[in-house]
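This report concerns only the one structure given below.
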Amino acid sequence: MRSKDNVDLICDIAELAGLFERSSSLTDFLDTATSIIAWHMKAAVCSIYLFDESSQELVLRATQGLDASAVGNVRLQLGEGITGLALKELRPICEGTGSRNPSFKYIPNIHEEQYEAFLAVPILRGLVRVGVLVAQDPEPNYFDENDVKALRAIAGQLATTIENANLLMTMHEEQEQGGAAPETPILPRFMRGKTISEGLCMGRGSVIGTIDEEALRAFDEDPTPRTLDDFRRALKETEDQLAALQRDLEEELSDVASLIFSAHLLILKDTQFSGAVESLIESGTPPQKAVSQIIHKYINLFGKNPNPRLQEKVLDLKDLGHRLLLNLMSHDSDLADYEGRIIVAEELLPSALLKLAAQRAAGLVLLSGSVTSHVSILARSLRIPTVLVDDGQLLCIAEDRSLLIDALQGTLFIDPDDDVRESYARLIEEQRRIELLEPQVDPETRSRDGVRVRLYANINLLSDLNHATRLKAEGIGLYRSEFPFIVRDNFPSEEEQTRIYSKLVERMPGRTITLRTLDVGGDKSLSYVQAHDEANPFLGLRAIRFSLRNRPVFAQQLRAMLRAGASQPIRIMFPLISSLDDFIHAREVVYECIEQLREEGTPHNSRPELGVMIELPSAIEMIEELTRETDFISIGTNDLIQYLLAVDRTNEQISDLYVPYHPAVLRALHRSIDAAVRAGNDVSVCGDAATDPHMVVFLIGCGLRTFSVDARHIPHVQQLVQRTEVEEARKIAMQALRLSRISEIEKFFEEQNRRVTEE
């Protein structure tokens, strides 16, 4: 038997990825791969079959040893022949004499019958079928287990590269066959998705955010002649509109909307931009086409620039182009807004979401595989119904298609019929009537047996204060201070932050105000901070870790909070505390800031209450010490559950494992609340668990007397508390804590809920 050197084979084949990048011929690349594999294996034949997803067939794309005329002509169905069977069953098949295998398929005129030994290994990228790597030889039983291992390793190394080759070859073939443009997909009338921000809305659709040359040039078909004066008028109208929007936002959303249209306005004032358009117009180019060309040129320049901050401006350019062209083509300036529109976008930056809210968009349909938590929170704070629908076909939807979002069920209707529209019109009207009941919320919340329970509001934006005040929130249990940082292109100054925090204090006089320090990292990144390549950002440099590593930024924020609280008590809370040391180090920075402000003679709060968020298993283990050292604690259930159970709550594949009723979660909550109560330490719970009917009763039974929730949930939570008896809740909590299986706890909670409902 000829000797084979499988080790060298693996090493040499690994270099083929580089050969692919240098090759101008995809066919040559595949031919070279088969030749090198055959030579190292000392095999007479090596062939590569690639899987055509459209026809569900394997196509022979390259071979060393078989008749060359077979390439492109030999096709096997999935499961057909030994080769097709290997791919169907996703396993290697090694036969000493291939013709004796019941699945062997004889193919005439390729001279395969002379080769006895047969080894077929599927090429997979993950579980995606790419193709099959086949080796053959006239000597029976030629291939052994080492050959199987070697060929599997090669298939694994080359899977991504071969898949790319397959995609490119398929694309080239389509172009050679006429290059017909793909037809506009026929979209279903109904799509199921995931709720991001609750609500109902109907409106006309607009697709934004994709770098699509045709979309920008759609205005070229308008036959109406336009002039240089028309362009200058449109330029001025666009500038006036954006300036007005900016003024409105500064009034309504001053914490996060500071100069968010600055990129638009600067481009409009850039003489290179307007000069380039005017130059094209003067040379005979129609104004609308000139605008399209220059906007698209800027999009390409920004999109290809390695600076991520410039890349982020692509959405600004797209939005600016849309507005400028609409103003150019029509004297009706209202058309340039997205008022009443349902926006379809592949992804959105927080700043882009704010711009859409400023332009009165009615709803959002997002397409990216996951939506960052800060975009979700912003959408909820801005009260924009939003759904996530993971179907890229929506980007091809025609402008002005009628859309209906049910962001209560997480569904999208395209061109809904009259019956659907009438049904939802009634639901939308019913929602409005429910909002009118908001004044009926009691200013104080008590259980059925008279025990006092406080309901605080979680605040994301200053605009949330309006809702919180109307719903009689008794204070702010959590102000997420990161949003002014996220939407800017640099750290907000101490003065800017002081103004923001002061407005919170002024709007809630005499009430508890809890300011959480910067919580970035994980899925909340700052575009202006150099990104670190973290394998797992949720376990990386985030929250208090970021602040302690960036002391000047941390100190500026703390100084701003202390200055804002000069006239009344405030609480400062540190996120993601993992140890007593974390808290003590953060507290030391607060003390240093107090001393600095005292020496400067700057009015400030010299005795803020200091607390921590309990979000990590290590904090649960240190809960006795933490409750003794701090003035208060807040249990962040969303992250706590995620870290306790090692479940990424944004990963849909394992979202069913994110279970608030897990016995470990219940015991951690009880342990934390009990430790705080015994230490005389104020304790609250924020996160989704604070609004879950079962969990509200359980938490009251554990001794919790303060809930912090999004303001819109206050009426619901108040009703839950008002129908709960504390002693009964305590018995329910103690019984749940004795159970050790998730299924038992769920069943127990359902039985309790059924009993309460029947009563």
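Please treat every number below as a calculation from the coordinates, not as lab data. Predicted model, so just to flag it, every value in this text is computed and none were measured. Every residue, glycine as well, gets a Cβ built from its backbone with ideal geometry; the counts of neighbours run over all protein chains shown.
Let me know the whole percent of all Cα-Cα pairs from region 632-759 that are separated by more than 21 Å.
Above the 21 Å cut-off, region 632-759 has 39 percent of its Cα pairs.
Arg507 versus Arg204, label points 7 Å from Cα toward the beta carbon: distance in nm?
3.3
With r as the distance between the Cβ atoms of Phe190 and Asp418 and R0 = 22 Å, compute the FRET efficiency 1/(1 + (r/R0)^6) and round to 0.05.
Efficiency computed from Cβ-Cβ geometry: 0.90.
Pull out the extension gain between Thr224 and Glu588, defined as 0.36 nm times the separation in residues minus the alpha carbon to alpha carbon distance; nm, one decimal.
124.2 nm
Between Asp688 and Lys269, what FRET efficiency follows from the Cβ-Cβ distance if R0 is 30 Å, with the result rounded to 0.05?
Computed FRET efficiency for Asp688 and Lys269 comes out at 0.10.
Please go through the residue pairs Lys304/Lys503; Lys304/Lys355; Lys88/Lys304; Lys149/Lys304 and name each one whose alpha carbons sit more than 30 Å apart in this structure.
Checking Cα-Cα distances, Lys304/Lys503; Lys88/Lys304; Lys149/Lys304 exceed 30 Å.
If each of Ser283 and Glu750 carries a label point 7 Å out from its Cα toward its Cβ, how far apart are those two points in nm?
A separation of 7.1 nm, rounded to one decimal place.
Taking every pair of alpha-carbon atoms in region 437-758, what share in percent sits in each 10 Å bin, from 0 to the bin with the longest distance?
6, 26, 34, 24, 8, 1, 0
Take the alpha-carbon centre of region 706-737, take the same for region 658-691, and report the distance between them in whole Å.
Centre-to-centre (Cα) distance: 13 Å.
Given a Förster distance of 41 angstrom, what is the FRET efficiency for Arg91 paired with Ser579, based on the Cβ-Cβ distance and rounded to 0.05?
0.25
Here are some pairs, Lys289/Lys318; Lys194/Lys318; Lys236/Lys297; which of them have Cα atoms lying more than 18 Å apart in this structure?
Listed pairs above 18 Å: Lys194/Lys318; Lys236/Lys297.
Figure the gain on full extension for Glu145 and Asn73 (residue separation times 0.36 nm, minus the Cα-Cα span) and round it to one decimal in nm.
Extending this stretch completely gives an extra 22.8 nm.
Straight-line reach from Lys747: which lysines have Cα under 23 Å away, leaving out those fewer than 8 places along the same chain?
Within reach: Lys731.
How many angstrom separate the Cα center of region 469-516 from the Cα center of region 575-653?
Cα centres, region 469-516 to region 575-653: 17 Å.
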